[in-house]
Amino acid sequence: MYSVTTEGGQTLPWMILVHGMSQDHHYFDQQVAYFGRTHRLLAVDLPGHGLASKVEGPFGHVEMARHVASEIGPAGVHGAVYWGTHTGATIAPLVNRSCPGVLTSFILEGPAVPGENPAVVVDLLGRAARTVRNIGVEAAIEAWWSESCWFDAMRRNPDQFRAAEHLEMIRDFSGAPWLSDAPAIPVPDAKALLREMNMPTLVYNGADDHADFHAAADRITSFISHAVRATVQDTGGFPTWERPMDANALVAGFLRDADG
């Protein structure tokens, strides 16, 4: 339920890559190509997604973090950079608590506070859940793509931001998290979780990301003692996908400074 890349060698430091809702590990294909020269890469699919499509719910932040943590140990990962986008970024504090001493720095794209999805996310997840029950998974995915603000930049710039490729990826999504009625485990004190992340942390958004995500990122940054805040210009909800060269340069610079 994960993909490992070790083309650069078995002695390189580890980097863990965790995608967001409706995506899979292919979200980070451009990062695998770039950072595969300097890191061993563990790309984990969240429950109900990609290689983990058969993993059953509940699909809350705690359960997703436990799934990611369960993949880290068997892969032999240690001393790792953790890079997540959206849901993958949001669960980072929970993964950190579940893997003491394993993670050394964090890269968080468009995160929310664990257990506290922004209002825009709650609304669109609710719409997806209703559509998947009333019409079906395929219709819910098409509505998710056409209505979600985090895809606005891709829809406006389809060629430049590889919209067709991204849509093809999310059309492979099982939709299982939208179908599940299983109650999720409540997230413990989010502030305490974030304060435990006392390692170098990069928190970033696209300049044109929804205001709710910028506000969440600002709040998260305020709780992490070694966090730096960044914005990738001319991008929306997914700078890592939309402008991979810019995102890779931002992260590479952050990691140089963190190691410095």
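The values are calculated or read from the model by the stated rules, or taken from the named source; none is laboratory data. Just so you know, these numbers come straight off a predicted model, no measurement behind them. Don't worry about glycine lacking a Cβ; one is built from the backbone with ideal geometry, like all the others, and counts go over all protein chains shown.
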Any hit, the range 89-104, residues being over 25 Å from Asp172 (Cα atoms), part of a strand (DSSP E or B) and in contact with a helix residue (DSSP H, G or I) (Cβ under 7 Å, 6 or more places away or on another chain): yes
Unmet requirement for Met245, which otherwise passes all of (1) among the hydrophobic types (A, V, I, L, M, F, W, C); (2) more than 24 Å from His49 (Cβ to Cβ); (3) crowded, with 17+ Cβ neighbours inside 10 Å: (3)
Cβ pairs under 6 Å, 6+ apart, first in the range 1-23 and under 20 Å from Ser174 (Cα atoms) and at pLDDT 95 or above, second assigned to a loop (DSSP other than H, G, I, E, B) and of a type in the set (Phe, Trp, Tyr): Ser22/Phe173
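Would you confirm, using the coordinates I've provided, whether Gly76 is in a loop (DSSP other than H, G, I, E, B) and either within 15 Å of the chain's Cα centre (by Cα) or surrounded by fewer than 16 Cβ atoms within 10 Å (Cβ to Cβ) (or both)?
Details: in a loop (DSSP other than H, G, I, E, B): yes; either within 15 Å of the chain's Cα centre (by Cα) or surrounded by fewer than 16 Cβ atoms within 10 Å (Cβ to Cβ) (or both): yes.
Judged against the criteria, Gly76 is a match.
Let me confirm something: among Val44, Val18, which residue is surrounded by 19 or more Cβ atoms within 10 Å (Cβ to Cβ), touching an Asp or Glu at 6+ places or on another chain (Cβ under 6 Å) and under 24 Å from Thr104 (Cβ atoms)?
Details: Val18 fails: touching an Asp or Glu at 6+ places or on another chain (Cβ under 6 Å).
It is Val44.
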Every pair of residues 6+ apart whose Cβ atoms lie under 6 Å, when the first sits in the range 207-231 and is among the β-branched types (Val, Ile, Thr) while the second is at pLDDT 95 or above and assigned to a loop (DSSP other than H, G, I, E, B): Ile220/Pro111; Ile224/Met197; Thr231/Ala207
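Just checking, how many residues over the range 147-197 are in a loop (DSSP other than H, G, I, E, B) and either touching a His at 6+ places or on another chain (Cβ under 6 Å) or among the aromatic types (Phe, Trp, Tyr) (or both)?
3
Is one or more of the residues making up the range 60-78 of a type in the set (Asp, Glu) and closer than 22 Å to Asn198 by Cβ? Working first, answer last.
Taking the range 60-78 as the starting set, the residues that turn out to be of a type in the set (Asp, Glu) are 63, 71.
Filter again for closer than 22 Å to Asn198 by Cβ, leaving none.
The answer is no; no qualifying residue exists.
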Residue in the range 116-136 that is farthest from Arg171 (Cα to Cα), counting only those that are without any contact (Cβ under 8 Å) to a residue 12 or more places away in the chain and charged (D, E, K, R): Asp123
Residue tally, condition more than 19 Å from Met245 (Cα to Cα), assigned to a loop (DSSP other than H, G, I, E, B) and touching a Leu at 6+ places or on another chain (Cβ under 8 Å), over the range 22-57: 2
Residue match in the range 115-138 (condition: exposed (fewer than 14 other Cβ atoms within 10 Å of the Cβ) and part of a loop (DSSP other than H, G, I, E, B)): yes
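Does the range 58-73 hold any residues that are aliphatic (A, V, I, L, M) and either over 25 Å from Arg171 (Cβ atoms) or in a loop (DSSP other than H, G, I, E, B) (or both), and which are they? Lay out the reasoning, then the answer.
First pass over the range 58-73, keeping only residues aliphatic (A, V, I, L, M): 62, 64-65, 68-69, 72.
If the condition is that a residue be aliphatic (A, V, I, L, M) and either over 25 Å from Arg171 (Cβ atoms) or in a loop (DSSP other than H, G, I, E, B) (or both), then Val62, Ala65, Ala69, Ile72 are the ones that fit.
In the list Gly175, Gly126, which residue meets the criterion of being at pLDDT 95 or above, within 21 Å of Leu51 (Cβ to Cβ) and not hydrophobic (A, V, I, L, M, F, W, C)?
Working: Gly126 fails: within 21 Å of Leu51 (Cβ to Cβ).
None of the other options fit; the residue is Gly175.
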Hits in the range 205-231 (condition: surrounded by 14 or more Cβ atoms within 10 Å (Cβ to Cβ) and under 23 Å from Gly260 (Cβ atoms)): Thr221, Ile224, Ala227, Val228, Arg229, Ala230, Thr231
Val62 vs. criteria among the β-branched types (Val, Ile, Thr), closer than 28 Å to Asp209 by Cβ, buried (at least 21 other Cβ atoms within 10 Å of the Cβ) and touching a helix residue (DSSP H, G or I) at 6+ places or on another chain (Cβ under 7 Å): no
Any hit, the range 208-223, residues being within 21 Å of Cys99 (Cβ to Cβ) and not in a loop (DSSP other than H, G, I, E, B): yes
